[in-house]
1. Would it be correct to say that Ser59 is of a type in the set (S, T, N, Q) and under 12 Å from Leu97 (Cα atoms)?
2. When residues of the stretch 1-23 are filtered for being small (Gly, Ala, Ser) and in a loop (DSSP other than H, G, I, E, B), how many remain?
Amino acid sequence: IETGAIDLVAARADKNDFEAMEKAIESMALKVERAESCVLEDLEFHQALVHSTHNPVLSQFSLTLQEFFEISISEGLHATVSSPTVLNEHRQIYQALREKNVTRCKALMDMHLRRYYFAQFQEGERTQ
């Protein structure tokens, strides 16, 4: 969903939307610097990104997906992805959006989300 929403974000994101994404990135950077969990800041970034589509249906669907991720996180699946790596990927995604480089942003988002998918898949194999 997020990868598909990139076109809308690039076309519709305004100053407030970019500020919300920046805030999430800055909060995440502080947590990474202190070696603290930054799960909430990670989710905040993704919510800000989808909210930037200014599409209420996508925003609501994203909230539903966020509940799924919160369950995954509570089960420890997020821990297999390095916080500095996630922070760096968020920064790259944000920069590509600021530059309205949709192709690059989609590629970055796809790589970013695949990392979570594979981390969860690998974690599932370890628990079986």
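Every number in this text was worked out from the coordinates using simple rules, so none of it is lab data. Computed from a predicted model, the values in this text were never measured in an experiment.
1. Numbers: of a type in the set (S, T, N, Q): yes; under 12 Å from Leu97 (Cα atoms): no.
So Ser59 fails the test.
2. From the stretch 1-23, those small (Gly, Ala, Ser) are 4-5, 10-11, 13, 20; that's our starting set.
Next, only the ones that are in a loop (DSSP other than H, G, I, E, B) stay: 13.
Adding up the residues that qualify gives 1.
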